[in-house]
Amino acid sequence: MPTVAFVSPKGGAGKTTASMLLALGLAEQGHRVAMIDADPNKPLVHWASLPGRPNTISVHAAPFEIDLPDALREANGKRPDWIILDTEGSARVGLSFTAVKPDLVITPLASSALEALQALKMAEIVANAEKKLRRPIKHACLLTRLPAAVRPKSLKSIVEQLRVNNIAILPTGIIEKEAFRMIFALGGDLATLERNGVYGVGQARTIAHTYVNAVKEFMGLAEPPEQAAAPAPANAQTVADRIG
Ligand SMILES: Nc1ncnc2c1ncn2[C@@H]1O[C@H](COP(=O)(O)OP(=O)(O)O)[C@@H](O)[C@H]1O
Ligand SMILES: [Mg+2]
């Protein structure tokens, strides 16, 4: 069962949003997803308390490190196909996420030049986690909250810095979209947003699907070519498109 942890040394990077989009995208593809909310502010628990949660997504609270084993046990009890851990961003990111034995750690980064430092710090933390677990953990950065239209120079600089330091970056970034914020205000999924007339849900859905497939591909779980989904539509820009 693939397990993905969203971890970054900084709050506000987009972990909770990216973990939610992954869960919603996987659920739309027919997977059962258990999410562990390891943030004392419980943003996913709050989302789950709103109407419209797909019944294939369960949310398990682990507000403190000590709660993680119980939350994991509860999550496993739901017999999920995927486990997704969302963590609290803080300057002192520990190795608590190792409790879920992640196959992949995703570090969301906003597109500002300083963010590459977060990625370097995180790569070190993942290396320590690998030592602790004595098994490899994949690590990839995800560019989030990308400005919709412009191609900022800072984006090119981050991508370069990650490349130089051999840190992987998912080929699809997540742009800044009101629809992604509204999921947490309205609850439910992208279809709920559509019913509520939220602007730009179609594009949000395309981005979410392209991102989910990029995660699967990075984990070596992509479907064989004959079963693979149609190629990404034109409005799902890749990171390479964005930096020109
Ligand atoms: N792609 C996005 N489009 C629009 N708003 C976003 C996006 N990603 C994050 N946000 C907003 O930015 C803020 C921080 O994002 P969040 O996912 O909560 O980050 P973290 O979990 O890393 O603290 C939230 O208000 C969230 O709604
Ligand atoms: Mg969060």
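With a 1.4 Å probe and every protein chain kept in, tell me what percent of the accessible surface of the chain is carbon plus sulfur. On the chain, the fraction of accessible area on carbon and sulfur atoms equals 53 percent.
Placing Asp37, Asp189 in order of accessible area, with the largest value first and a 1.4 Å probe, yields Asp189, Asp37. For the residue pairs Lys78/Lys131; Lys78/Lys216; Lys10/Lys78, the alpha carbons lie more than 27 Å apart in Lys78/Lys131; Lys10/Lys78.
Stokes-Einstein diffusion for the chain, with the hydrodynamic radius set to the Kirkwood value over Cα pairs and evaluated at 20 °C in a medium of 1.002 mPa s, equals 119 µm²/s. In order along the stretch 44-59, the Karplus-derived 3J(HN,Hα) couplings, from 6.51 cos²θ - 1.76 cosθ + 1.60 at θ = phi - 60°, round to 6, 4, 5, 4, 5, 7, 7, x, x, 4, x, 6, 8, 10, 10, 10 Hz, and Gly and Pro are given as x. Extension gain, Asn196 to Lys131: 0.36 nm times the residue separation minus the Cα-Cα distance gives 18.7 nm.
Surface calculation, 1.4 Å probe, protein heavy atoms: Val45 sits at approximately 50 Å² accessible. Using a probe of 1.4 angstrom and keeping all protein chains present, the accessible surface of the stretch 3-243 works out to 47 square angstrom per residue.
The ellipsoid that matches the Cα gyration tensor of the stretch 112-175 has semi-axes, each √(5λ) in whole angstrom, of 25, 12, 9, with the longest given first. Taking amide H atoms as placed 1.01 Å from N in the peptide plane, the amide H of Ile57 lies under 5 Å from those of Val33, each 5 or more residues away in sequence or on another chain. Extension gain for His31-Glu160 works out to 43.0 nm (0.36 nm per residue, less the C-alpha to C-alpha distance). Asp67 sits with roughly 50 Å² accessible to a 1.4 Å probe, with DNA, RNA and ligands left out of the calculation. Going by Cα centres, the stretch 43-72 and the stretch 146-202 are how many Å apart? One Cα centre to the other: 23 Å. Legend: helices of the chain (whole DSSP H runs) are marked when their alpha-carbon atoms reach 15 angstrom or more along the helix axis and their mean Kyte-Doolittle hydropathy is at least -1.0; marked are 15-28, 115-133, 153-164, 201-218.
In the context of the full protein assembly, Asp86 retains an accessible surface of approximately 0 Å², using a probe radius of 1.4 Å and ignoring ligands and nucleic acids. Restricting attention to the chain, close to 5% of DSSP beta bridges with both partner residues there are antiparallel.
When the residues Phe64, Phe184 are ordered by accessible surface, computed with a 1.4 Å probe over the protein chains alone, the sequence from largest down reads Phe64, Phe184.
Each residue, Leu114 and Met219, gets one label point 7 Å from its Cα in the Cβ direction; the gap between the two is 3.2 nm.
The values are calculated or read from the model by the stated rules, or taken from the named source; none is laboratory data. Keep in mind it's a predicted model, so treat the numbers as computed, not measured. Glycine also receives a Cβ, built like all others from the backbone with ideal geometry; neighbour counts cover every protein chain displayed. Note: areas computed on protein heavy atoms with side chains; ligands, DNA, RNA excluded. Shrake-Rupley method; radii C 1.70, N 1.55, O 1.52, S 1.80 Å.
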